Amino acid sequence: MKRIKKTSAKLGNADKALIAAAVAAIKERYRDDWQEVGAALRTRGGTVYTGVNLDAYLGRMAVCAEAVALGRAVVDIGDAGIETIVAVRHPPPHEKDQEIKVVSPCGVCRELIFDYDRNARVIVPNGKMPTVVPIADLLPNKYNRGTER
Ligand SMILES: [Zn+2]
């Protein structure tokens, strides 16, 4: 795996707690082929929201765990920004030797996270110990319609 150097930082205790919240969410709701990813985000006000992915028979209807966590936050308290966000993957039963691990947000989630907080911190895998990077580092040349400056 390519290591991230740029502006990554060591995890603080709050970051570790956020990973633990995402792990707890997917441990609680794991269902093979349906719920395999957990996410947790901390708003700018310090509230933590968790989510799990919603897989679907029609794959295009699937929703990522990060989006579910963000949706819960928006419904509950409105757009309160994303101070930090993380997703973790629960291994399927045939990967018994694997652990729940931090995973990078997919491209769509990178767009979503940036849209809701362009200064969000994202916890990503980095060898043995995850690290935290600004969302902008994960999304160079972000999509725009050409009308924004
Ligand atoms: Zn995603």
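The values are calculated or read from the model by the stated rules, or taken from the named source; none is laboratory data. Model, not experiment: these values are computed from the prediction. Positions of Cβ are generated from backbone atoms using ideal geometry, with glycine treated the same way; all protein chains shown enter the neighbour counts. Please note that ligands, DNA and RNA were not included when accessible areas were found on the heavy atoms of the full protein model with its side chains. Shrake-Rupley method; radii C 1.70, N 1.55, O 1.52, S 1.80 Å.
Here are some notes:
- Within region 8-32, the set of residues being closer than 30 Å to M61 by Cα and open to solvent by 100 Å² or more (accessible area, probe 1.4 Å) comprises K27, E28, R29, R31.
- When we screen I123, I82 for residues that are touching a residue at least 24 places away in the same chain (Cβ under 8 Å), part of a loop (DSSP other than H, G, I, E, B) and under 19 Å from S8 (Cα atoms), the only hit is I82.
- The one condition in (1) crowded, with 20+ Cβ neighbours inside 10 Å; (2) more than 16 Å from the ligand (Cβ to nearest atom) that K96 fails to fulfil: (1)
- Region 41-63 - residue that is within 11 Å of the ligand (Cβ to nearest atom) and assigned to a loop (DSSP other than H, G, I, E, B) and, of those, farthest from A24 (Cα to Cα): A62
- Qualifying residue in region 64-76 (condition: outside any strand (DSSP E or B) and in contact with a Pro (Cβ under 8 Å, 6 or more places away or on another chain)): yes
- Hey, E66 charged (D, E, K, R), open to solvent by 30 Å² or more (accessible area, probe 1.4 Å), touching a strand residue (DSSP E or B) at 6+ places or on another chain (Cβ under 6 Å) and under 16 Å from D117 (Cα atoms) or not: no
- Flag for D76 being open to solvent by 50 Å² or more (accessible area, probe 1.4 Å), out of contact with any Cys (no Cβ under 7 Å at 6 or more places or on another chain), at pLDDT below 95 and more than 16 Å from the ligand (Cβ to nearest atom): no
- Top-ranked residue in region 99-119 [being crowded, with 19+ Cβ neighbours inside 10 Å and of a type in the set (D, E, K, R); ranked as farthest from Q35 (Cα to Cα)]: D117
- Extreme residue, most open to solvent (accessible area, probe 1.4 Å), among residues of region 127-137 that are farther than 19 Å from R44 by Cβ and modelled with pLDDT of 95 or more: D137
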